[in-house]
1. Quick one: length gained pulling Met140 to Ala127 fully straight, 0.36 nm per residue minus the C-alpha distance?
2. Quick one: length gained pulling Glu155 to Ala298 fully straight, 0.36 nm per residue minus the C-alpha distance?
3. Sort largest first and round to whole Å: the equivalent ellipsoid semi-axes of the chain, each the square root of five times a Cα gyration tensor eigenvalue.
4. Of the DSSP beta bridges with both residues in region 23-272, give the percent that are antiparallel, rounding to the nearest 5.
5. Which FRET efficiency, nearest 0.05, do Lys280 and Lys24 yield, Cβ-Cβ r, R0 30 Å?
6. Can you pull the percent of Cα pairs in region 3-112 with separation above 16 Å?
7. Report, in degrees rounded to the nearest 10, the 0 to 90 angle that the Cα long axis of helix 261-272 makes with the longest principal axis of the chain.
8. Would you mind pulling out the separation of the Cα centroids of region 140-156 and region 47-95, in Å?
Amino acid sequence: MADSFVHLHTHTVYSLLDGFSNIKKLVKRAKEMEMPALAITDHGTMFGVIEFYNAAREAGIKPIIGVETYMAARGMSDRDSKLDKKSSHLLLLAENEVGYKNLLKITSAAQMDGFYYYPRIDHDFLAAHSEGLIATSGCMSAEIPRTLLDENPEEAVRKMNWYYDVFGPDRFYVELQQHNIAELVGLNKKLVEMGAKYSAKFVATNDVHYIEPDDAQYQDILLAIQTGKLLSDPDRMRYDSQTFYLRSPQEMSRLFAEIPESLSNTVEIAERCQVDLGFKGYHLPEFAVPVRQRPRKALRRPQGRSRNPRAARF
């Protein structure tokens, strides 16, 4: 994978009403550009992981499994319309099988226990399930970038310290993006300056939401549907740039020429991520049989139920 680049922040159609990347077409395009690996990081869900994994393996591309989770403004059980409506983003990638299982726990808990406008987790839950995961500082909607955009450097340092305490310097990267967005210029400068104080590792991403530049118009339609707005509404939510496509390694190299390690670090992360979902054989759950009871009897009379004379015999 030397002298290459890997997209590690990539949304598919499973980022509902936000991503416009068909998985097979996305993988095919990555193959055409001779990319050695590719990540899937949908918003708060892993519904597309198996489809993506199989398509990537079939194309000879290494699949990187991740998610862009939502971090609750406070706790994942808090549901105040004024305080908890907004949440922030966080990019997580599975480095190994333990990390993959933690991603499953994170996305499940976010949907079942933390859902409030978005499927959310909080800092305590993340800290308890951080093993085997690589994290980045995220996009403009993530915690650290938001505090920097809000001119609150003290809070940014506090959050940076927290992530370093949880993930350590080897599993936390400062994420940089280049789009035609005015705020990004100053934000990247602050992220680089801040990261240098931590001797942080930088990683370049493109926050891919569609495959080709022309697809931006279709993703814009999805956003209008998501927010219940007309396309003609000048005040509706929209992307300020049409650059959230699957950029080529050459284009990414030009954009991040001044920080070349942010490119090589994408390869480093891809090489570190080793998750095998090529399931072989049967993987059945384990059921504890009560002491002094035969398995057949336990199956015939589940715990907590009265004896049924009509129960099936084995």
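Read the figures in this text as sums done on the coordinates, not as results from a lab. The model shown is predicted, which means the values in this text are computed figures rather than measured ones. When we count neighbours, we look across all protein chains shown, and the Cβ atoms used for this are built from the backbone with ideal geometry, even at glycine.
1. 2.5 nm
2. Gain on stretching Glu155 to Ala298: 45.9 nm.
3. 37, 23, 22
4. So the antiparallel bridges amount to about 40 percent of the total.
5. 0.80
6. 60
7. 10
8. Using only Cα atoms to place each centre, the spacing works out to 20 Å.
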